[in-house]
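What follows draws every value from the coordinates through simple rules; no lab data is involved. Every value quoted in this text rests on a predicted model; they were computed, and no experiment measured them. A quick note on method: Cβ atoms are made from the backbone with ideal geometry, for glycine too, and the neighbour counts reach across all protein chains shown.
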């Protein structure tokens with residue numbers, strides 16, 4: 001089982017970040033964190049790295065349902081979505097697969113929530129092709 005859903009998008013990196021953020025909002029997610037990995041690695045290690053952003057996305061309704069089903073699930077929240085410029089110059093968007101990441105937790109209610117979020121994140125990534 002793969003742990004992510006990914007798509008190469010035909011747009012510049014910064015446009016892909018904006019389009020991804022907009023698509024997340026349209027599907028009920030907010031972006032709680034935005035980590036610029038490139039800038040962080042430059043600042044902390046003085047190394048150059050390709051453009052790479054980690055967006056910590058959260059759908060409050062789904063997060064609440066997950067927390068009701070499993071009180072320690074917050075250790076796995078929010079759902080990460082990355083936008084990266086690959087070494088070939090193309091831009092790729094990848095979202096975590098919550099079903100895969102929560103597979104070790106034996107809780108059928110949580111599994112149902114994970115499947116719903118999986119579908120929502122898959123739709124976010126799929127929608128990016130129409131934004132190019």
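Observations on the model:
- C-alpha long axis of helix 108-127 to longest principal axis of the chain, angle in °: 30
- Under a Gaussian network description of the chain, with springs only between Cα atoms under 10 Å, the residue in 23, 57, 104 that fluctuates furthest is 104.
- For segment 4-127, relative contact order (Cα pairs under 8 Å, six or more residues apart, normalised by length) works out to 32 percent.
- Given their separation in residues at 0.36 nm each and the Cα-Cα distance between them, residue 2 and residue 105 gain 35.4 nm when the chain is fully extended.
- For the chain, the longest principal axis of the alpha carbon atoms and the long axis of helix 13-26 meet at an angle near 20°.
- Calculated [θ] (222 nm, deg cm²/dmol) that DSSP helices of n ≥ 4 give over the chain, each run adding -39,500 (n - 2.57): -13000 deg cm²/dmol
- Of 80, 107, 59, the one that fluctuates the most in a GNM where the chain has Cα springs shorter than 10 Å: 107
- Under 19 Å from a label point set 7 Å out along the Cα-to-Cβ vector of residue 122, the amide N atoms of segment 87-102 belong to 93-102.
- Remark: C-alpha extents of segment 4-127 on the principal axes read 42, 32, 22 Å, sorted largest to smallest.
- Which of 31, 8 has the fewest Cβ neighbours within 10 Å, and the rest in rising order: 8, 31
- Distance between modelled label sites at residue 47 and residue 71, nm, 7 Å Cα→Cβ extension: 4.0
- GNM result for the chain, Cα springs below 10 Å: residue of 61, 75, 40 fluctuating most strongly: 75
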